[in-house]
1. Calculate the dipole size of the chain relative to its Cα centre from +1 charges on Lys and Arg beta carbons and -1 charges on Asp and Glu beta carbons; express the result in debye to the nearest 20.
2. Across region 93-110, in residue order, what do the Karplus-derived ³J(HN,Hα) couplings come to in whole Hz, using 6.51 cos²θ - 1.76 cosθ + 1.60 with θ = phi - 60° and x for Gly and Pro?
3. Taking only Cα atoms, what is the 0 to 90° angle, nearest 10, from helix 133-151's long axis to the longest principal axis of the chain?
4. With a 10 Å cut-off between alpha carbons and a GNM built on the chain, which of GLN122, GLN135, GLN67 moves the most?
5. What's the angle, to the nearest 10 degrees (0 to 90), between helix 182-200's Cα axis and the longest principal axis of the chain?
6. Which of SER72, SER141, SER89 moves most in a GNM of the chain, Cα contacts under 10 Å?
7. So with the 1.4 Å probe, I'd like the accessible area per residue for the chain, rounded to whole Å².
8. 5 Å is the cut-off here: which amide hydrogens, built 1.01 Å from N in the peptide plane, fall below it relative to VAL61, excluding neighbours closer than 5 in sequence?
Amino acid sequence: MTSSSDPAGVRASLRMAIEAGEGEVIRAGRLLPERTLMARFGVGRRMVRAVLAELEAEGLVYRRQGQGTFLSPTRAAGAGRGALASHTSPRDIVEARLEIEPMLARLAATRATPADIERLKQLVARARDARTGSQYERFDSAFHAAIAQSVRNELLRGVFELINGVRAEDAWLSAREITFSLALREELLRQHDDIVAALEARDPQAAETAMRAHLRTAGERLTDA
């Protein structure tokens, strides 16, 4: 891995390491400390933290204060994910999401911090610029991962990450790409807005209801594909 002094180069190098799961900057599912990354890439702490924050927003890593930056559970345990995906039907995915994610939204309504909610708004704004299915999926996945993270329950988050990891397999990404349209993007993002509004209002029931409605729309998209 070659060092780089620009954010794009640091980001690209870390992405490659994350995809591989191990490497020069990752040990046992954890990225090297910030100081080591600073020296490795010849950059300051602010740049390292900005890149890590972006990777976290995309659901590739998560950070624990005082402990470091870790690969998301689906990245760290991706070997068995492909086999699971090959035995998973659209109905299985929809059913699992409808059981887990409305509950996460309900909990997030009382646990998400103002910073968590601001991050969700930023992800919705970035998704509005998406012009292809793959661009939209990147921010949609990060949006749902950010809600799971805001609950701050590692077991529930691990269950979410397993489901989200199956959805990230190529076959399922291709299925969602087929049905993507700008009109569908707007419908899904309106639903994202409803979820964020419920979280900001600290209304657990509204958050759960908004998430359930959103997942039903997404589920229809998947089964149509």
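1. Values: 33 positive and 31 negative charges, 156 e Å.
So the dipole magnitude of the chain works out to roughly 740 debye.
2. 5, 4, 4, 5, 5, 5, 7, 8, 6, x, 5, 4, 5, 4, 5, 5, 4, 10
3. Between the helix axis and the principal axis of the chain, the angle is about 90 degrees.
4. GLN67
5. Roughly 80 degrees, rounded to the nearest 10.
6. It is SER89.
7. Values: 10930 Å² over 225 residues.
So the chain comes to 49 Å² accessible per residue, rounded to a whole number.
8. GLU56, SER72
The values are calculated or read from the model by the stated rules, or taken from the named source; none is laboratory data. Treat the numbers as computed from the prediction; the structure is a model and nothing was measured. For neighbour counting, all protein chains shown are included, and Cβ atoms are generated from backbone atoms with ideal geometry for every residue, glycine included. Ligands, DNA and RNA are excluded from the accessible area calculation, which covers all protein heavy atoms including side chains. Shrake-Rupley method; radii C 1.70, N 1.55, O 1.52, S 1.80 Å.
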